[in-house]
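**Student:** Before I ask anything, here is the structure I am working with.
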Amino acid sequence: MTENTKRSAELYERAEKVIPGGVTANIKSMEPHPIFMEKAQGSKLYDVDQNEYIDYLLSYGALILGHGNNHVYEAVMNQMREAGTTIFGTPHELETIMAEKLISLYPGIEMVRFTNSGLEATLLALRTARAFTGKPKIAKFEGHYHGGYDQVLLSVNHDHENAGEADQPNAVPESLGLPDYYQQNTVVLPFNDLESTEKLLRTHAEELSAIIMEPVQAGFIPAEQGFIKGLRDLTEELGILLIVDEVKTGFRLSLGGAQAIYGIEPDLTALGKVLGGGFPVGTLGGKAEIMGVLSPCRGTGFMTPGGEADKKPKPLFHSGTYNGHPTVLAAGLATIEILESSGVMEGLFSTTNLLRNELEELYERYDIPMQTIGMGSIFNILLTKETIMNDRDMKKANTPLRKALDYELLNQGIYTKPLNRYSLSTAHTEEDLRNTVRAHEESIQKVVVHQQS
């Protein structure tokens, strides 16, 4: 990799002088340096050293149509030309059109508020839950990621030494700068373990406003049907709101996300990634009764001047200059329009399953324990035959070998950040799949067969 990406190394050295760690988000960092991209088209990325890659990162799953989709481009350009501006700073019709579309697709959504990222959507979900229930604590699952803010940056990729027992996990900070308050007010639950989860929920029910969860942990470890159905029943019984974080799974498992597949109606739903068509976006949707606490009609917010402000009750405050950005919503609606076209989602899932099957057959031929796990158009490669149900099970996989293969795959023109999941797009072709399987075989021969000989 170092030999093939010399220009990236130079740009990284330059970036380190003005950007902490040389990256604008920690997740973009990788050893010995990140690869700097210059352009992209369809299923391909091209770096500053003129290397071509088949892209399976797809901006962490956001680009379900691949790079540079013409329909999305035209929608964006038409919106800006017709509106005469990039943003109004006022309500506009696209907000209502997108809200109506999401309500029609997602079982748990009756009303919508827009944000600028999935992180903001989950943050707003938790505030809304606390406001609606009047209870201070929240619960999350071990290994689940909901954004880089204080209350949920706990027990994501945790230190097993401090994690506690599997049936009663500790809240382990994932970053410097987290106040003790959040450890004390966040209950960590064991994923795919309904019995242990029920015990913890019954213990803390009087304090818990909500549970937030990824229906598919990290985008590739699915909740068991019985687990997620049992969790929905429990939360309804105990008066705890269920927040489903579909930032990764929205539109990638079905047009109605994971909740449509599992047959549940969460109280609140967070969306992002695919919804923006390549632009930054987030959405909080939920039941009308709960979402009603966001309405400014309930009272006057603190940013509204005037002598009457202090005489009215305060609503839940939520704002943002770029919320419901018309250009972003135009891109998102264009993306959904394509995904709703006949055969598109089915074709995407078929392509994904074909790649999964061919990779599993390849590794089997080389007698390497391996499985692909995931749903819809996302999956990950785990070098183990052991059952993977949650974050703790991940230690069963041969992570060092997977990492070595991923770095060799970069040399072979297959791009995803080492150890990351694979996301497919409608732009991936049968030729891409053949080249991907070939690249995996070349990597196996160089990393595994060469070491054995």
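**Student:** Applying the Karplus parametrisation 6.51 cos²θ - 1.76 cosθ + 1.60 with θ = phi - 60° to the phi angles of the stretch 413-419, what ³J(HN,Hα) value in whole Hz is obtained for each residue in order, glycine and proline being reported as x?
**Tutor:** Here the 3J(HN,Hα) series is x, 10, 10, 8, 4, x, 6 Hz.
**Student:** Would you work out the charge dipole size for the stretch 70-339 about its Cα centre, treating the Cβ of every Lys and Arg as +1 and the Cβ of every Asp and Glu as -1, and quote it to the nearest 20 debye?
**Tutor:** 780 debye
**Student:** In terms of modelled amide H atoms, which long-range or inter-chain residues lie less than 5 Å from the amide H of G164?
**Tutor:** When sequence neighbours closer than 5 places are left aside, the close amide H contacts are N170.
**Student:** So how far apart, in nm, are the two label points at L362 and N435 if each is 7 Å from Cα heading toward Cβ?
**Tutor:** Label at L362, label at N435, 1.3 nm between them.
**Student:** By counting other Cβ atoms within 10 Å of each Cβ, how are S196, S8 ranked from fewest to most?
**Tutor:** Details: S196 16, S8 22.
The fewest-first ordering by Cβ neighbours comes to S196, S8.
**Student:** Let me ask another. Do any of K287/K417; K6/K273; K137/K314; K39/K140; K135/K199; K44/K385 go past 29 Å between their Cα atoms, and which? Show your work: numbers first, answer last.
**Tutor:** On the way: K287/K417 37 Å; K6/K273 31 Å; K137/K314 21 Å; K39/K140 38 Å; K135/K199 19 Å; K44/K385 31 Å.
Over 29 Å Cα-Cα: K287/K417; K6/K273; K39/K140; K44/K385.
**Student:** Same structure, new question: Between R298 and L178, what FRET efficiency comes out of the Förster formula 1/(1 + (r/R0)^6) with R0 = 35 Å and r the beta carbon distance, rounded to 0.05? Walk me through the intermediate numbers first.
**Tutor:** Working: r = 32 Å, r/R0 = 0.91.
FRET efficiency, L178 to R298: 0.65.
**Student:** Using r as the Cβ-Cβ distance of Y407 and S319, and R0 as 41 Å, what FRET efficiency do you calculate, to the nearest 0.05?
**Tutor:** After rounding to 0.05, the efficiency reads 0.40.
**Student:** Report, in deg cm²/dmol and to the nearest 500, the calculated mean residue ellipticity at 222 nm for the chain, where each DSSP H run with n ≥ 4 adds -39500 (n - 2.57) and the sum is divided by the residue count.
**Tutor:** Roughly -11000 deg cm²/dmol at 222 nm, from the helical runs in the chain.
**Student:** Among Y56, Y407, Y181, which comes first, then next, by fewest other beta-carbon atoms within 10 Å?
**Tutor:** The most exposed by this proxy come first: Y181, Y407, Y56.
**Student:** Could you please rank S377, S254, placing first whichever residue has the fewest other Cβ atoms within 10 Å of its Cβ?
**Tutor:** Listing S377, S254 from fewest to most nearby Cβ atoms yields S254, S377.
**Student:** Collect residues whose amide H, placed 1.01 Å from N in the peptide plane, falls under 5 Å from the amide H of A210; neighbours closer than 5 in sequence don't count.
**Tutor:** Counting only residues 5 or more places away or on other chains, the set is A139, L241.
**Student:** In whole percent, what relative contact order does the chain give with Cα contacts below 8 Å and a gap of six or more residues?
**Tutor:** 20 percent
**Student:** If we count every other residue with Cβ under 11 angstrom of P280's Cβ, Lys/Arg +1 and Asp/Glu -1, where does the sum land?
**Tutor:** Counting the neighbours of P280, the net charge comes to 0.
**Student:** Output the DSSP H helices from the chain with an along-axis C-alpha extent of no less than 30 Å and a mean Kyte-Doolittle hydropathy no less than -0.5.
**Tutor:** 344-365
**Student:** Moving on. Provide the gained length on full extension for the span Q168 to T24, in nm with one decimal, where the gain is 0.36 nm per separating residue minus the Cα-Cα distance.
**Tutor:** On the way: separation 144, 0.36 × 144 = 51.84 nm, distance 3.52 nm.
Here the answer is 48.3 nm.
**Student:** Convert each backbone phi in the stretch 240-249 into a coupling constant with the Karplus relation 6.51 cos²θ - 1.76 cosθ + 1.60 (shift: θ = phi - 60°), then list the ³J(HN,Hα) values in order as whole Hz, x for Gly and Pro.
**Tutor:** Ordered by residue, 3J(HN,Hα) equals 10, 6, 9, 9, 9, 8, 9, 4, 7, 8 Hz.
**Student:** Would you mind calculating the gained length between E93 and S341 on full extension (0.36 nm times residue separation, minus the Cα-Cα distance), in nm to one decimal?
**Tutor:** Between E93 and S341, full extension yields 87.0 nm more.
Just so you know, all these numbers are worked out from the coordinates, no wet-lab data involved. Only a predicted model underlies this, so the values are computations on that prediction, with no experimental measurement involved. Don't worry about glycine lacking a Cβ; one is built from the backbone with ideal geometry, like all the others, and counts go over all protein chains shown.
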